[in-house]
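In what follows, a single structure is set out as structure tokens and then discussed.
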């Protein structure tokens, strides 16, 4: 029985660990959602490393069709071969290529399959995969062959909620929402990336980081990956702790929009003027 | 009690299906939660709830069902808190040796007995019961090599009921304000219902041509499928009572313009008259009459405003709030002209819907346009209405 305990280079919350194990035990795909930069994609890499399994990644683009993941019938190649007579045209199997999903099904040992950013594809995409993910098998009409998974792959699906996923699809999955890590967990995460970071600097930097995140008005809140880049910049730049208390060096690493940088720089010490909640105006 | 949880979830509006409920039971029969309520909380949530906007409702239902329950987590927590304030215990070598004789089974048995007898509360020192800094076989920071250590160190795990009580997902609930990202999701519904995408299509005629020119060697010619997108017009109230919402409105704009290819926006103050402004400072303007005449009527129009004004601003000639502004047609007539021109038109109101009934002008404008709250739910409903002409409310 597979039991995922985590891996060295990925810090995960107990709740997420449990959910991964629930999804493995129930043989259901795990959908991972969360703010950008909270390590959704890395989770699959960590599971593969932790369970010592091969990882197969299927990157979804806006033009990806469900069919692409199963198999491809290269008609043009066949036509070309028929025209110029090289190769055995009567054997259709030569022109069938398996897609990522097909490859995962055909694998001799169990694999971890990552379907990355499923929400990028068209709305119908997840629905087209319903049966294939349920039964873990599909049929190739050209050859009359049925590809069935020898070992059900562990399926991890990530979504940035660009689009809502269809209900029937969601019903068959396990869902996990990665919360933004709190300070404690964040310190652990930073420790994995920068093990030699000075404590005082880290504490001060984190304080500033969470302070920036508290602005309601930000168009794009800085995420974990930006924090790690920022800390790297601080270390490389040799910024003393005191400098962080006064101002925010390399703010461009954290905030990527001009309006956001203006907002933080204008604010001074408090959020007060910038966080007046707009919806709580209860006049009546 | 367990089936109650299912119906509680339903009554709080979490969409749970039988399919998922049965999956949960399968998970329970495999004991995936390891008999712990905290793990049950997370497990059940991952199986039953598929969108973070329902996490808060899940928390409420969970609290309702499991608040009174006493769990092993809870007991452990209590023992731990009793063990907190401890000093290291110093023992002589002789005493240490004496204690090393005890074996683990005996210790565990003793531990259970003590638990049953309820000896663990606030016990400090001593040789028998669980407590702090003592020499008994249970407890933390004490000395007994054969002892059972009960979860030394502070725990990051909180028990389930506490987690639910914290309601940390309240902000994800769909009935409160939006950030840019959420708005994008909602507005993308406008887009998602139309067949768009850069799908490639084989251009058959060109292919035949090219192949012939190539002396029979096949040459394929692809073309991009035509992109069809919706046309959206946003008309927004700025200034006056809308000032607090200006930022929110700005976000709506930035979200909208990145989602929709044909996008127009205009501003007004309190009510629409013969001019609409194209900038937020209201310096440049276009004539409303011209706009109504020249634009296609298949625009989806979204008006945003609090619809809160003096009734005279709607109904009077020269009723506009800016005293230098003269309008020879009452605002309400202009609004009706908007409605008559554009079939798909809605009004979004940042005020909470429970207050709408108390404002006369809101009631009047609701008589002209279908009105929705400027929240994720409201936007969703509104977009649905724009696309299909009907929704739950209208």
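Observations on the structure shown:
- Within 10 Å of each Cβ in B:39-47, the average number of Cβ atoms from other chains: 6
- Whole-Å distance, taken between Cα centres, linking the stretch B:287-361 and the stretch B:3-69: 46
- Kirkwood Rh, angstrom, the stretch A:183-265 [1 / mean 1/r, Cα pairs]: 12.9
- In degrees, nearest ten, helix A:40-51 long axis to first principal axis of chain A (Cα): 70
- With neighbour counts taken as other beta-carbon atoms within 10 Å, the residues A:244, A:239, B:346 rank, fewest first, as A:239, A:244, B:346.
- Relative contact order (%) - criterion: Cα under 8 Å, at least six apart; region: chain A: 22
- Calculated log₁₀ intensity ratio I(q)/I(0) where the Debye formula runs over C-alpha points of the stretch A:79-186, q = 0.19, 0.22, 0.24 Å⁻¹: -1.05, -1.22, -1.33
- Neighbouring Cβ atoms from other chains, within 10 Å of the Cβ of residues in B:49-55, number 5 on average.
- Here the residues B:269, A:193, ranked from fewest to most Cβ neighbours within 10 Å of their Cβ, fall in the order A:193, B:269.
- Per-residue shielding of A:165-178, expressed as the average number of other chain Cβ atoms within 10 Å of the residue Cβ, stands at 5.
- Between 0 and 90°, nearest 10: helix A:224-237 axis offset from chain A longest Cα axis: 60
- Whole-Å distance, taken between Cα centres, linking the stretch A:156-200 and the stretch A:20-44: 8
- In this rough spin-label picture, where each label sits 7 Å from Cα along the Cβ direction, the residue A:76-residue A:5 distance is 5.1 nm.
- Each principal axis of the Cα cloud of chain A was evaluated for its coordinate range; sorted largest first, these ranges are 75, 47, 45 Å.
- Per residue Cα convex hull volume in Å³ - calculated over the stretch A:104-259: 181
A short reminder: the numbers here are calculations on the coordinates, not readings from a lab. Keep in mind that what you see is a predicted model, and the values were worked out from it rather than measured. Virtual Cβ from ideal backbone geometry, glycine too; neighbours counted across all protein chains shown.
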